[in-house]
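The values are calculated or read from the model by the stated rules, or taken from the named source; none is laboratory data. The model shown is predicted, which means the values in this text are computed figures rather than measured ones. So basically every Cβ, Gly included, is an ideal-geometry build from the backbone, and we count neighbours across all protein chains shown.
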Protein chains: 2
Amino acid sequence: MEVELVESVLKSNDRIAREIRERLEREGVFAVNLISSPGAGKTTLLEATLPSLQRQGVRCAVIEGDLFTTLDGERIGRTGTPVVQLNTRGGCHLDASMVAAALEKLDLKAVDILWIENVGNLVCPAQYDLGEQLTVVLLSVVEGNDKPLKYPPAFLRAGACVVTKTDLLPYSGLDLERLKQDVERIHPGMPFIPVSARTGEGMEAWLAFLERERSRWQGRGGPAAARMTAG
Amino acid sequence: MEVELVESVLKSNDRIAREIRERLEREGVFAVNLISSPGAGKTTLLEATLPSLQRQGVRCAVIEGDLFTTLDGERIGRTGTPVVQLNTRGGCHLDASMVAAALEKLDLKAVDILWIENVGNLVCPAQYDLGEQLTVVLLSVVEGNDKPLKYPPAFLRAGACVVTKTDLLPYSGLDLERLKQDVERIHPGMPFIPVSARTGEGMEAWLAFLERERSRWQGRGGPAAARMTAG
């Protein structure tokens, strides 16, 4: 019976996620859902990414998911990016209805990329579609080599794996090549992007990947086609 | 309605956890539930702890919780400690019924300390009593200063906070004193034990804490009193 309820919760989540996805397509907003363990560096990656996008004229907004506190929202706010803080009050993931509520507080016409920073949790967020176009799983080099094999759902769901904190590689004992092979085993062909937001290493590749994904989405007729359908 | 079901699941979990606790008291087994984010170093701490306890004549057993794989169970097995692997197949935490099932596979008469390594997740395991006598939350120095304030339930539930990977402190940017103050704010008086399983730093303090807690439990009449009641 518990399983049935979980299924119906997921079904209802998926319905709302579909509506969000359609709405974002209509508005021409590319949404990226960031998932990872606590402390893998989602907020830090955003702090390094947002100013670069700003300089390129790409308008961003951020939905910040946290159990409690507005600490991350405040950090994002300092980059000058519009941010909506969602507190799950103990809940272990964002769901589509929370994202739908957050969208009401944003001027989507003024947004090109909507970032959704999920609750720090490598397990539960993998089950919940938020209506995003791209899910990115972050994994820091200090979490250990075994994480992709031990937490496959997040790596299966994601469209890219960003390996963070590569400046700590010399001290971490991590074998980056083996990690890449393990990720490849779980999700063949998924882009694997090592970065250090601290030193800037790999940030260019990350930004280029992002631009490529967004163009591909636009090229698939993303916003335009959606607008035509809507019109 | 979802909330009601969650409450009833938690109630049934708590009932099973109580039964486990009573049984472990009767058997004189001190159980420790380890919770943390993925990659904070639960298995590594155990790998460093078990041989020392073995040398002191303290007999251990381990219940290993993972979504998938037996990687951690195999690592523990190499220490010569009896281990039962629990795979949640995607589930984000262990629950009491899983632990009850694992107990059937252990000879509790030959166990002084039962370690329960929970699924790597700083959120969900905090809600589930497993019948343990002591919960320990691990936090690695590379997860960032803000984790206690952002994930308070785990720090409220725990009876001790072990800060792992202190050998990485020089590279982490973490302010250990501030972390200690934040933990103290959330859970006043909770022991705060920095360790590096890699260099051995802090391991003595950790083992001394453990012995103190176990003696206190025994002194409270833990196993003896329970046996008398049972008799």
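Answer yes or no: is there a residue in the range A:62-70 that is more than 23 Å from B:Pro153 (Cβ to Cβ), surrounded by 15 or more Cβ atoms within 10 Å (Cβ to Cβ) and modelled with pLDDT of 95 or more. Yes - at least one qualifying residue is present in the range A:62-70.
Scanning the range A:29-38 for residues that are touching a Lys or Arg at 6+ places or on another chain (Cβ under 6 Å) and in a loop (DSSP other than H, G, I, E, B) yields a count of 2.
Can you work out which of the residues in the range B:149-172 that are aliphatic (A, V, I, L, M) and either within 8 Å of chain A (Cβ to nearest Cβ) or assigned to a helix (DSSP H, G or I) (or both) is surrounded by the fewest Cβ atoms within 10 Å (Cβ to Cβ)? Steps first, answer last, please.
Our first condition is that a residue be aliphatic (A, V, I, L, M); within the range B:149-172, this holds for B:149, B:154, B:156, B:158, B:160, B:162-163, B:168-169.
Pick out the ones that are also either within 8 Å of chain A (Cβ to nearest Cβ) or assigned to a helix (DSSP H, G or I) (or both) and you get B:149, B:154, B:156, B:168-169.
On the way: B:Leu149: 17, B:Ala154: 28, B:Leu156: 14, B:Leu168: 18, B:Leu169: 17.
Among them, the one singled out is B:Leu156.
In the set (1) within 24 Å of B:Phe155 (Cα to Cα); (2) in contact (Cβ under 8 Å) with a residue 60 or more places away in the chain; (3) not in a strand (DSSP E or B), B:Glu7 fails one condition alone, (2). If I ask for residues that are touching a residue at least 12 places away in the same chain (Cβ under 8 Å), within 11 Å of another protein chain (Cβ to nearest Cβ) and either more than 18 Å from the chain's Cα centre (by Cα) or assigned to a loop (DSSP other than H, G, I, E, B) (or both), which ones from the range B:52-89 would you list? Result: B:Leu67, B:Phe68, B:Thr69, B:Thr70, B:Thr88, B:Arg89. Residues that are out of contact with any Pro (no Cβ under 8 Å at 6 or more places or on another chain) and closer than 24 Å to A:Arg198 by Cβ were ranked within the range B:181-206; the one that is nearest to the other protein chains (Cβ to nearest Cβ) is B:Arg198.
For the structure I just gave you, tell me whether A:Ile35 is in contact with a strand residue (DSSP E or B) (Cβ under 6 Å, 6 or more places away or on another chain) and away from chain B (no Cβ under 13 Å). For A:Ile35, the condition - in contact with a strand residue (DSSP E or B) (Cβ under 6 Å, 6 or more places away or on another chain) and away from chain B (no Cβ under 13 Å) - is not met. Within the range B:19-28, does at least one residue satisfy the condition of being out of contact with any Lys or Arg (no Cβ under 7 Å at 6 or more places or on another chain), assigned to a loop (DSSP other than H, G, I, E, B) and either without any contact (Cβ under 8 Å) to a residue 12 or more places away in the chain or away from every other protein chain (no Cβ under 12 Å) (or both)? There is at least one residue in the range B:19-28 that is out of contact with any Lys or Arg (no Cβ under 7 Å at 6 or more places or on another chain), assigned to a loop (DSSP other than H, G, I, E, B) and either without any contact (Cβ under 8 Å) to a residue 12 or more places away in the chain or away from every other protein chain (no Cβ under 12 Å) (or both). Considering only the range A:117-142, state which residues are within 12 Å of chain B (Cβ to nearest Cβ) and farther than 20 Å from A:Leu67 by Cβ. Those that are within 12 Å of chain B (Cβ to nearest Cβ) and farther than 20 Å from A:Leu67 by Cβ: A:Leu139, A:Val141, A:Val142. Do you know which residues across the range A:51-61 are surrounded by fewer than 24 Cβ atoms within 10 Å (Cβ to Cβ) and among the aliphatic types (A, V, I, L, M)? Across the range A:51-61, the qualifying residues are A:Leu53, A:Val58.
When residues of the range B:151-179 are filtered for being over 25 Å from B:His93 (Cα atoms) and charged (D, E, K, R), how many remain?
If we filter the range B:151-179 for residues that are over 25 Å from B:His93 (Cα atoms), which is where we start, we get B:166-179.
Filter once more, so that each one left must be charged (D, E, K, R): B:167, B:175, B:177-178.
Residues meeting the conditions: 4.
For B:Asp112, the criteria (1) surrounded by fewer than 21 Cβ atoms within 10 Å (Cβ to Cβ); (2) under 29 Å from A:Tyr128 (Cβ atoms) hold in every case but one, which is (2).
Within the range B:196-205, at least one residue is modelled with pLDDT of 95 or more, within 26 Å of B:Cys92 (Cα to Cα) and not aromatic (Phe, Trp, Tyr).
Filter the range A:90-102 for residues that are surrounded by fewer than 19 Cβ atoms within 10 Å (Cβ to Cβ), within 13 Å of chain B (Cβ to nearest Cβ) and in contact (Cβ under 8 Å) with a residue 60 or more places away in the chain and give the result.
Our first condition is that a residue be surrounded by fewer than 19 Cβ atoms within 10 Å (Cβ to Cβ); within the range A:90-102, this holds for A:90-91, A:97, A:100-101.
If we keep only those that are within 13 Å of chain B (Cβ to nearest Cβ) too, we end up with A:90-91, A:97.
The answer is A:Ser97, and nothing else.
Can you pull out the residues in the range A:193-223 that are in a loop (DSSP other than H, G, I, E, B), loosely packed, with under 14 Cβ neighbours inside 10 Å and not β-branched (Val, Ile, Thr)? Within the range A:193-223, A:Gly200, A:Arg220, A:Gly221 qualify.
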